[in-house]
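Peer 1: This is the structure, below, for whatever I ask next.
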């Protein structure tokens, strides 16, 4: 076993148990809902608590992997969003991967449960290129010179046969605040399930009858991150590393209740190198740290 993985201890804390992948440069967690990755989202009265939660996460990861310093957050996910959260093991690695995010080398794939059946969509896939404006913390579709370019691609994966719910796969080309929530609610007119900020309409009775929705829960999951990595030797040094975070249990339950089948790749997550799924990445001293689950057959396809 590599030195990277030898340093990971058993009996880890709650936060460190969310780690799904680690190699000599990065650590990737499956972020739970409700965790604020940086303090700017918190109001003044609850900032200390939210700072403590994220700092506890960083300290736990540091201790679990015997790092010399706290890991470095490379990007962020909104409080309500679950899924792949990338931490760098060093400041130099943080700079390298931050540059990949800024130059859009990183491919970011999300899954969203949205309000709307199959007939709500003009096609099976499409592009949204509506710019966003920011005013006093509020985000909206805008056309002024102050609006920022925002790009989202979407694909309809499946629709419920019994309720107006659908599963979308989203590719986020830009990473503006609440971009996916606004693009889906105001551009595609299919708001994310649980999002009451960008839509005022009530949940369909058909949805309410088939499943129980948790409070303050938005069903948006950062399913996969794909990065550029390099081997030390060999003719093909460059390769694409994809890390996928398993879908949360409550997300799975709603899909089951709605009759929406899920691919096991999204249920279990995993690591792939140039499209081939692997358990280990020897070139990076990397390993997938989650055992595959055995979901009911009704959840997968």
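Peer 1: Using the number of other C-beta atoms within 10 angstrom as an exposure proxy, rank 127, 285, 68 with the fewest first. Let's see the in-between values first.
Peer 2: Values: 127 11, 285 17, 68 7.
Ascending Cβ contact count within 10 Å gives the list 68, 127, 285.
Peer 1: Multiply the residue separation of residue 69 and residue 279 by 0.36 nm, subtract the distance between their alpha-carbon atoms, and state the gained length in nm to one decimal. Can you show the working numbers first?
Peer 2: Details: separation 210, 0.36 × 210 = 75.60 nm, distance 2.71 nm.
Between residue 69 and residue 279, full extension yields 72.9 nm more.
Peer 1: Under the rule a/c < 1.5 gives rounded, and otherwise a/b versus b/c splits prolate from oblate, where does region 171-301 land using the Cα gyration tensor?
Peer 2: Values: a/c = 3.30, a/b = 1.71, b/c = 1.93.
Note, shape of region 171-301 comes out oblate.
Peer 1: Next question, about the same structure. Expressed as a rounded percentage, what relative contact order does region 148-301 have, with Cα pairs under 8 Å and six or more residues apart? The partial results should precede the final answer.
Peer 2: Details: 218 pairs, mean separation 27.2, N = 154.
Relative contact order, region 148-301: 18 percent.
Peer 1: Ok, one more. Pull out the extension gain between residue 96 and residue 153, defined as 0.36 nm times the separation in residues minus the alpha carbon to alpha carbon distance; nm, one decimal. The partial results should precede the final answer.
Peer 2: Details: separation 57, 0.36 × 57 = 20.52 nm, distance 2.58 nm.
The residue 96-residue 153 span can extend by a further 17.9 nm.
Peer 1: What distance in nm separates the simple spin-label points at residue 14 and residue 261, each placed 7 Å from Cα in the Cβ direction?
Peer 2: Distance between the two pseudo-spin positions: 3.7 nm.
Peer 1: If you average the sequence gap of Cα pairs under 8 Å that are 6 or more apart and divide by the length of the chain, what percent do you get for the contact order? Before the final figure, lay out the partial values.
Peer 2: Details: 600 pairs, mean separation 56.4, N = 301.
This gives 19 percent for the chain.
Peer 1: Let me ask something additional. Can you give the angle from 0 to 90° between the axis of helix 47-64 and the longest principal axis of the chain, with both taken from C-alpha atoms, to the nearest 10?
Peer 2: 40
Peer 1: If I fit a long axis through the Cα atoms of helix 91-102 and take the longest principal axis of the Cα atoms of the chain, what angle between them do I get, 0 to 90°, rounded to 10?
Peer 2: 30
Peer 1: Within region 102-129, list the residues whose amide N lies under 12 Å from a label point set 7 Å along Cα→Cβ of residue 209.
Peer 2: The answer is none, because no backbone nitrogen lies closer than 12 Å to the label point.
Peer 1: Sorted from fewest to most neighbouring beta carbons within 10 Å, what does the list 189, 75 look like?
Peer 2: Details: 189 14, 75 19.
Final ranking by Cβ density, sparse to dense: 189, 75.
Peer 1: With runs of 4+ DSSP H residues as the only contributors, calculate the mean residue ellipticity of the chain at 222 nm using -39,500 (n - 2.57) per run, divided by the residue total and rounded to the nearest 500. Write out the running numbers ahead of the final one.
Peer 2: Numbers: 7 runs with 59 residues, N = 301.
Value at 222 nm, helices only: -5500 deg cm²/dmol.
Peer 1: Which distance in nm do the two modelled labels at residue 230 and residue 146 give, with both placed 7 Å along the Cα-to-Cβ direction?
Peer 2: Placing both labels 7 Å beyond Cα along the Cβ direction yields 4.2 nm.
Peer 1: Would you mind checking the tilt of helix 249-258 against the longest principal axis of the Cα atoms of the chain, expressed as 0 to 90 degrees and rounded to 10?
Peer 2: Long axis of 249-258 versus the principal axis of the chain: about 30 degrees.
Peer 1: In a Gaussian network model over the chain where Cα atoms closer than 10 Å are linked, find which of 240, 200, 256 has the largest mean-square fluctuation.
Peer 2: Evaluated over the chain, the most mobile residue of the options is 200.
We did not get these values from a lab; they are worked out from the coordinates using the rules stated. From a predicted model like this one, the values you see are computed outputs, not experimental measurements. With ideal geometry, Cβ positions are generated from the backbone for all residues, glycine too; neighbour counts draw on all protein chains shown.
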